[in-house]
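Structure first, then comments.
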Amino acid sequence: MNSDWALEIMRKAPYITVSFTRADGTAYGVPLSLASADGHVWYFHCALDGDKLDAIAAHPEVCLSAVTQCKPTVGPKDGTFTLQYRSAIAFGRAELVADDAEKIQALRAISERFLPWHMDAFDAAVSRSLHRTAVVRITLSAPPTGKRKQYDSNGEEMKYGRME
């Protein structure tokens with residue numbers, strides 16, 4: 001699937017798993033609440049210290065993976081056990097945001113994505129917690145790519161970019 005389709009999956013996913021490489025070379029993946037205004041730069045927030053920031057300091061390259069509409073199913077034509085899904089993957093470089101204005105912009109984007117009905121409390125929350133909140137910027141190195149497995153109403157698998 002094309003990158004616009006994959007980007008939409010990333011925007012709709014309830015979380016995106018970010019995979020890091022620790023200083024000792026071991027993998028570390030964690031589902032996070034990311035947001036993006038432009039689809040090229042993504043943000044998440046975390047504590048001021050911990051595994052994520054240690055990994056970024058050692059190896060800033062990360063992988064993002066998002067899945068939506070994941071549904072176990074039996075293949076309508078052949079009875080095979082399978083999974084219908086929509087997924088996206090992207091690669092990028094993570095770095096800690098130092099500028100308070102950018103941190104606030106990122107936190108606003110995250111809050112607007114996940115709690116848009118509660119934005120009246122945003123300014124007070126930022127005032128209380130900005131000093132103890134880290135924000136990480138992930139700049140994608142290329143547009144995301146996407147895959148899916150989906151059947152149409154006739155039980156035919158929709159392949160090669162065929163849309164509903």
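Take T80 and tell me if it is of a type in the set (V, I, T) and touching a residue at least 40 places away in the same chain (Cβ under 8 Å). The answer is no for T80. May I ask you to verify whether G29 is in a loop (DSSP other than H, G, I, E, B) and closer than 20 Å to T139 by Cα? No; evaluated as a whole, the condition is false for this residue. There is no residue in region 47-64 that is modelled with pLDDT under 95 and within 14 Å of G92 (Cα to Cα).
Being touching a strand residue (DSSP E or B) at 6+ places or on another chain (Cβ under 9 Å), under 26 Å from D4 (Cβ atoms) and surrounded by 15 or more Cβ atoms within 10 Å (Cβ to Cβ): is that true of F114 here? Answer is no for this residue.
Looking only at region 136-154, decide whether some residue is touching a Cys at 6+ places or on another chain (Cβ under 8 Å) and either under 30 Å from N2 (Cβ atoms) or among the polar types (S, T, N, Q) (or both). Yes.
Restricting attention to region 67-122, the residues that are of a type in the set (D, E) and within 15 Å of A134 (Cα to Cα) total 4. Summed over region 117-140, residues that are within 22 Å of K12 (Cβ to Cβ) and exposed (fewer than 15 other Cβ atoms within 10 Å of the Cβ) total 4.
Just so you know, in region 74-125 the residues that are outside any helix (DSSP H, G or I) and basic (K, R) include one that is nearest to S141 (Cα to Cα), and it is R93. Here F44 meets the list (1) crowded, with 17+ Cβ neighbours inside 10 Å; (2) assigned to a loop (DSSP other than H, G, I, E, B); (3) of a type outside the set (A, V, I, L, M) almost entirely, failing just condition (2). Residue count for region 80-94, restricted to those that are of a type in the set (D, E, K, R) and surrounded by 21 or more Cβ atoms within 10 Å (Cβ to Cβ): 1.
The values are calculated or read from the model by the stated rules, or taken from the named source; none is laboratory data. Since the structure is predicted, the reported quantities are computational estimates derived from the model, not experimental observations. Note that we place each Cβ from the backbone using ideal geometry, even for glycine, and neighbour counts take in every protein chain shown.
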